[in-house]
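Taken together, the values in this text are just the output of simple stated rules run on the coordinates, not laboratory data. Remember, predicted model here, so these are calculated numbers, not experimental data. Glycine gets a Cβ as well: all are built from the backbone with ideal geometry, and neighbour counts include every protein chain shown.
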Amino acid sequence: MLHYIVRRILLLLPVLLGLSMMVFAIGRLLPGDPVLLAAGPNATKEEVAALAVEFGLDKPVAVQYWNYLTGLLHGDWGRSLQSRGPVLEDLKVFLPATLELVLAAMLIAVVFGILLGLLAAVKRNGWIDYSVRLVSLASISMPRFFLGLLLQLVFAMWLGWASLGGRFPLIASPPPLVTGMLTIDSLLAGDLPSFLLALQYLALPAMAMSLSPLATITRMMRASTMEVLQQDYMLTARALGIPPGKLLRKYVLRNALTSTLTVIGLYFGWLLGGTVLVESVFDWPGIGLYATKAIMMQDFMPIMGVVLTIGTLFVTFNLLIDLLYGVINPKVRLG
Amino acid sequence: MERRSILKGAAGSAVIASTLGLPAIAQAQGRKILVIAAGQDIPNFDPHVATGYSASMLHRNTYDGLVRVVGAPPKVVPHLASSWTISPNGLEYVFKLNTAAKFHDGTPVTAHAVAYSFKRTLRLGKGNAWMIAGVVDPNGIEAVDVQTVRFKLLKPFAPFLSVLPWQFIVNPVLVETNKGSDDGQEFLRKNIAGSGRFKIKRAEAGNLYEFERVASPWLAGGNLDGAIWKIVRETSSQRLMVARGEVHFAVDLTSEDMDSLKDNPAVVRVLEPEFRTFSIKMNTAHGPLADINVRKAISHVFNYQGMLDAAGYAQLMVGPLPPGLMNDPKLKVPRTDLEMAKRYLAKSKYPNGGIKLTMVYVTGLEQQRRWSLVLLDSLKKLGIELEIKPTLWPDMVASTKTPQTTADFFPVYQTGNYADPDNVAFASYHSSRNGNWQNPVYNNPKVDALINKGRGEIDPKKRAAIYAELQQVLVDDAPDIFGVLEKRRLAYRKDVQNFVFTPVASNAIELQNLSLK
């Protein structure tokens, strides 16, 4: 097992190295002149050149790449040309916000997706099944930002239950910073009012994000549950008189979960990379908006930082999922 | 700890209150906190490095300059400097500092601090350094005594007082203590070393910046205890928030937003002309538009009324310089006249048109797209085809490096950075700006000479005559289709008092005298 984990982590290195090389190359191949842009319209040619030297952009691309890699090893993720600040510092601010959003969305999607999927399969071809299928089909088809706008309209504008955007009330002090995720930080501080406030702000964007994975998980879960229900061992189990509740928990859920896990793993990465629209609609200060701004200004280092972070998280999360297979289904042997 | 839990209780009840439809800014509970919704983040606080309207807002409220700019038309008024004298040849400025002025740590703002700040600006060559680089002699800045500072200029520079509101004074002791290897840039990026009425209480990148009034500001002002610069990226969200009373100010609104706020009795709309011009620059150095007759023909065939109609709240430019900045009222600019256009075209190499030109515009800027279409439509009348290319801003900037890569038509918003005709004239038409987007290619030695003469002349009458001549030369040479001045579109709640619009940096709200009811 340990062997397997170590091997997978070692395999991660060439993946990230390749990824960084690709993004670095694409960044440098694009037309445009980020230094001229960052120096501003009134900078003299000398000032523009000085800025390029300050950021090491006067050197050949290969040297720049090497410097970047060696910098990474020392915890230096480079600096943003626009803000002139270290990228790592920005990531520490923006990543937790996005992670909180993605994790909340995944939590909603997993809990409700599995429950609804199970329910639909057990009550196959009943009204529950039909309505679940209809809703999940509609959810998959609906763009996230549009759903976000709808939620805003209903819950913020008409009902006034939620705020239009943001993470926390403007004038209240947020809980002491530990993880950067406000819900978790407020719980760590034992501060229930803050937790509820943070949750209130998180609810709408998390719902907007969760619908698409929720629908997919529901459909996956429904299909695999139906498959499991038709297996011979289910017949045996039923014949043995095992109570239906236990049957569901012990035999159906575990067996049906394996394929759903794969979807969860993939969706995690998909959500991480695709938060930007929801972040824009809800003014959620996360990594998606940060990356978009960097891309618009061809600010290389933040782009590199975001890609590597998302890449690492994605691969790590999928590794965790792979390990979970073994836990849920002992038939899957790792090693 | 106690105050925080009270605040939280207040915020919690405000959430419930907002459920009942009460405005969320009632949260402040006795504390006067002004909330501004704006689209731009403030990633760097250094007054000698950072630029942009959000940074300007932070600087003018946490730091001080020797003077301030107020009102419309903008006037320079004393601030850190209580008075000044200018030598008759315009080469020496002596400022007497206000002895009351204090940095946030309680130490006085001295002449040494002023000299230190200007030298640091020139040393770094970033931010607003361009306004004084080549003008102020770095070795000629001298603290005569604690209260007196003298500047020697390399050449007379008439707009000197106008650029001073944007040169901020830092606390030298604090910067020197945290100098590091980069002249304190790392320190000032996240810390304030100023003397302004406010300091930063909370900074959440990409989300909000909270300002708190310093315990005893050295200058009297409005009743604000603090302010919040809240980043709201969508203009429609800004509009909703100001309409619902969730913020007091919205600073980036569209014409459509302004229309929908028209009937809201709780909101004051500000629609004022400012020194921000929009022109379509022509490639005077490469391609068919290098021919002055083609340019003049285009200047006369362009549908100005169509442009204005597509612009929302705006007015047509009546010359290269915006009104209020020595714009010459007698100047006659081209207006749509097909006969005249055809006559000019007949004198060119392309008497019957038959050429294809390109225009770039910034991807996503709807207004520029509409104006491109107005141009396309106008050019058809001369048998000229137009290819319109939406282009990403970084690519557009990069394309201006050489005349060959610059498009035939290049649209430019020119923001007024300081209240002086030199600002727009120099940035838009001086050949030293070639190879960058404000003036990619236009190079006319006569224009350069007039601009240089204009910045060096300190007699206002003679200056006005120079700028009148400059504008006539520019109109005759037709380097641009002189476009529109879009009005600044701001909105604020009625309970904000003492707001005075000024056409320079108008969305970098100055908190100094503002009050809340």
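Enter the Cα centre distance for the pair segment A:196-265 and segment B:288-338, rounded to the nearest angstrom.
67
How far apart, in nanometres, would the label points at residue A:111 and residue B:358 be if each is projected 7 angstrom from Cα along the Cα-to-Cβ direction?
According to this spin-label approximation, the distance is 5.5 nm.
Largest first and in whole Å, what are the equivalent-ellipsoid semi-axes of segment A:17-73 based on the Cα gyration tensor, each being the root of 5 times an eigenvalue? Can you show the working numbers first?
Values: eigenvalues 113, 35, 13 Å².
Result for segment A:17-73: semi-axes of 24, 13, 8 Å.
Give me the dipole magnitude in Debye, nearest 20, for chain A about the Cα centre, with unit charges on the beta carbon: positive for Lys and Arg, negative for Asp and Glu. Could you put the intermediate results ahead of the total?
On the way: 23 positive and 18 negative charges, 335 e Å.
Here chain A has a charge dipole of around 1600 debye.
Before anything else, pin down the relative contact order of segment B:64-180: Cα pairs under 8 Å, at least 6 apart, normalised by residue count, whole percent.
Contact order relative to length: 31 percent.
Just rank B:430, B:112, B:59, fewest to most, by other beta-carbon atoms within 10 angstrom. Walk me through the numbers before you get to the answer.
Details: B:430 21, B:112 15, B:59 29.
Least crowded to most crowded, the residues run B:112, B:430, B:59.
Under a point-charge model restricted to the Cβ atoms of Lys and Arg (+1) and Asp and Glu (-1), what is the dipole moment magnitude of chain B relative to its Cα centre, in debye to the nearest 20?
340
Got a sec to turn the phi values of segment B:146-158 into Karplus ³J(HN,Hα) couplings, 6.51 cos²θ - 1.76 cosθ + 1.60 with θ = phi - 60°, whole Hz, x for Gly and Pro?
My calculation for segment B:146-158 gives 4, 10, 10, 10, 10, 10, 9, 8, 6, 8, x, 9, 4 Hz in order.
Counting trypsin sites (Lys or Arg not before Pro) as exposed when in a DSSP loop with at most 16 other beta carbons within 10 Å, what is the longest stretch of chain A free of them?
So the longest stretch without any such site is A:125-330.
Averaged across the residues of A:39-51, what count of C-beta atoms belonging to other chains lies within 10 Å of each residue's C-beta?
Neighbouring Cβ atoms belonging to other protein chains average 6 per residue here.
Using amide H atoms built 1.01 Å from N in the peptide plane, name the residues 5+ places from residue B:261, or on other chains, whose amide H lies under 5 Å from its own.
The list, which skips near neighbours in sequence, is empty: none.
Explain nothing, just the number: dipole magnitude of the protein assembly as shown about its Cα centre with +1 on each Lys and Arg Cβ and -1 on each Asp and Glu Cβ, in debye rounded to the nearest 20.
1200
Set Lys and Arg Cβ to +1 and Asp and Glu Cβ to -1, take the dipole of the protein assembly as shown about its Cα centre, and tell me which of B:53, A:154, B:271 lies farthest positive.
Checked the options; the winner is A:154.
For segment B:34-94 and segment B:139-158, what is the centre-to-centre distance using only Cα atoms, to the nearest Å?
That distance is 18 Å.
Multiply the residue separation of residue B:123 and residue B:316 by 0.36 nm, subtract the distance between their alpha-carbon atoms, and state the gained length in nm to one decimal.
Once the chain is fully extended between residue B:123 and residue B:316, it gains 65.4 nm.
Arranged from highest to lowest average of other beta-carbon atoms within 10 Å per residue, in what order do the peptides B:98-104, B:281-287 appear?
Final packing ranking: B:281-287, B:98-104.
Using Cα pairs closer than 8 Å and at least 6 residues apart in sequence, work out the relative contact order for chain A, in percent.
Rounded, it is 27 percent for chain A.
I'd like the distance between the alpha-carbon centres of segment A:294-335 and segment B:481-517, rounded to an integer number of Å.
Comparing the Cα centres of segment A:294-335 and segment B:481-517, I get a distance of 47 Å.
Give me the net charge for the shell around residue B:306: Cβ to Cβ below 10 angstrom, other residues only, Lys and Arg +1, Asp and Glu -1.
Details: positive: B:370; negative: B:309, B:377.
For residues surrounding residue B:306, the net value is -1.
Please list 3J(HN,Hα) in residue order for segment B:438-452, calculated via the Karplus relation 6.51 cos²θ - 1.76 cosθ + 1.60 where θ = phi - 60°; whole Hz, with x for glycine and proline.
Listing the rounded values in order: 5, 8, x, 10, 5, 9, 9, x, 5, 5, 3, 5, 5, 5, 4 Hz.
Among B:172, B:104, A:229, which residue has its Cα furthest toward the positive end of the charge dipole of the protein assembly as shown, with +1 on Lys/Arg Cβ and -1 on Asp/Glu Cβ?
So the residue furthest toward the plus end is A:229.
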